[in-house]
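The block underneath contains the structure these notes are about, expressed in structure tokens.
We did not get these values from a lab; they are worked out from the coordinates using the rules stated. Since we're looking at a predicted model, the values are computed, not measured. We place every Cβ from the backbone using ideal geometry, glycine too, and count neighbours over all the protein chains shown.
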Amino acid sequence: MTVTRFAPSPTGNLHVGNIRTALHNWLLARSASGRFLLRIDDTDAVRSAEEYVDGIRADLTWLGLEWDGEERQSARLAIYETAFERLREAGRVYRCYETAQELDLKRKVLLGRGLPPIYDRAALALTEADHARFAADGVAPHWRFKLDHAEPVEWVDGIRGRQHFEAAQLSDPVVRRADGSWLYMLPSAIDDVEMGVTDVLRGEDHVSNTAAQLQMFTALGANPPRFAHEALLVGNEGKLSKRLGSLGCDAFRERGIEPQTIVALLARLGTSQPVEPIMDRARLIESFDLATFGRAPARFDEAELERLNHAIVHQLSYSEVADRLPAGMNERAWLAVRPNLERVADAADWWRVITGPIVAPEFGEEDRAFLAQAADLLSWGEDPWGALTSALKDATGRKGRALFMPLRQALTGRDHGPDMHALLPLIGERRARERLDFYRQG
Ligand code: GLU
């Protein structure tokens, strides 16, 4: 059984990049009839906040990405402690005391010599007497995971193909801070084992973490999950923009972007499959395939998002939008105005056109006479617009734009809009007469 997880750190709101990762994990699980877990990576007590946890849940719910189980790391500290003890006994974690400044200096020296800034493992040479001295001075150690340099790291990435790392080319990762708190890498590996995660799908920025984590899985005596790393998302300008990093569900909602639009776009962006206004999730699930994911950065184009959103809005059923429409606006009215909308909120403008009052333009003498005639000929039946325009055509000889435009303007106050066959019955006989009778009086 396929088990995937979305593991955000609740230190901020979800942005497009996170949303895309969540969606792909959801699609991967659903396409394999598996389970999709939400794991709150909140080991950083200082930066994590409950409001962000709530925000993450609300965003996933809004997007329709239901999850099958939820865990949070802050509730699992005892599990990490036990696993850590085992690693300690096996000599796979070791104590270090370098300060951030010292480490920074070491890195700079190496970089200055044109060498990769790999941690030099100086702490491995400390004796028990050294440790005792630090302890006596009240200096607590932080802990690094000891990579096995004899064991090269390899995996077949679901997107990037065969990956190879020399462990010696990586720094031993810090897994625990001096205050006892955890960095994300080790708890994440422990959780993936404990939760039976079969597939870790995440951003390319985690590739070297995966190399280290693969050795953690082995050290924990577990089989690692499959890994896939997707290319990052870039903005129109081709760079990882600041803007994308803060663009989240609230901003989308405010702009009238539907969750279905975000899902349809992000499901296919960066893959060889076309981005289409697909509302049917079953279709997105069925066609989801990691093999179609490209290695080039995926470009997030706001204009494409807007276009896709229009196409999605044009497919929304009344029941999907009813709670966002003005009071009284019924299904018939929604279906009449829907083809003219760029966003659902614009339906309110057309509802005002229907219910009035409207402001019609100033007409010339000829058009006024024509509209007075329209008032005389207006009859109310099955298709008042069809009846009115054919009667007027016969009576005046007008056709095309000369026939339709003054009528549309006088009845709606606008030059363009929904099909008048659908709109006029909604405006109704009383208001239609009122709007045309105005021209009879001179
Ligand atoms: N909390 C980590 C992050 O947000 C999780 C990474 C992962 O998916 O393993 O980067």
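Summary of computed values
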{"read-out": "Relative compactness, region 304-355, computed as alpha-carbon Rg over 2.2 N^0.38 Å", "value": "1.05"}
{"read-out": "Over the chain, equivalent-ellipsoid semi-axes from the Cα gyration tensor in Å", "value": "65, 20, 19"}
{"read-out": "For region 44-174: Kirkwood Rh in Å [reciprocal of mean 1/r, alpha carbons]", "value": "18.8 Å"}
{"read-out": "√(5λ) per eigenvalue of the Cα gyration tensor, region 157-219, largest first, Å", "value": "20, 16, 10"}
{"read-out": "Neighbour-count ranking [beta-carbon atoms within 10 angstrom, fewest first] of Thr261, Thr61", "value": "Thr61, Thr261"}
{"read-out": "Relative contact order (%) - criterion: Cα under 8 Å, at least six apart; region: region 246-403", "value": "16 percent"}
{"read-out": "Per-q log10 I(q)/I(0), region 124-195, q = 0.17, 0.20, 0.22 Å⁻¹ (Debye; single scatterer per alpha-carbon; no solvent)", "value": "-0.87, -1.04, -1.12"}
{"read-out": "Evaluated over region 222-328, the Cα radius of gyration and Dmax, each in Å", "value": "16.1, 60"}
{"read-out": "Hull shadow area, averaged, region 23-89 [alpha-carbon convex hull, nm²]", "value": "6.0 nm²"}
{"read-out": "Derived scalar couplings ³J(HN,Hα) [region 396-406; Karplus, 6.51 cos²θ - 1.76 cosθ + 1.60; whole Hz; x for Gly, Pro]", "value": "10, x, 5, 8, x, 4, 4, 7, 7, 5, x"}
{"read-out": "Length-normalised contact order of the chain in % [C-alpha pairs under 8 Å, at least 6 apart]", "value": "13 percent"}
{"read-out": "MRE, 222 nm, helices only [DSSP H, n ≥ 4, -39500 (n - 2.57), over the chain, to nearest 500]", "value": "-14000 deg cm²/dmol"}
{"read-out": "Region 29-90 and region 212-258: distance between their alpha carbon centers, rounded to Å", "value": "15 Å"}
{"read-out": "Nonlocal amide H pairs with Arg176, under 5 Å, H built at 1.01 Å", "value": "Trp143, Leu183"}
{"read-out": "Principal axes of region 316-408: Cα extent on each, largest first, Å", "value": "44, 29, 21"}
{"read-out": "Segment Ala135-Glu154, length gained on full extension (0.36 nm per residue, minus Cα span)", "value": "3.0 nm"}
{"read-out": "Relative contact order for region 119-245, counting Cα pairs under 8 Å that sit 6 or more residues apart, in percent", "value": "24 percent"}
{"read-out": "Leu423, Leu316 arranged by Cβ crowding within 10 Å, fewest neighbours leading", "value": "Leu316, Leu423"}
{"read-out": "Least to most buried among Cys249, Cys96 (fewest other Cβ within 10 Å first)", "value": "Cys96, Cys249"}
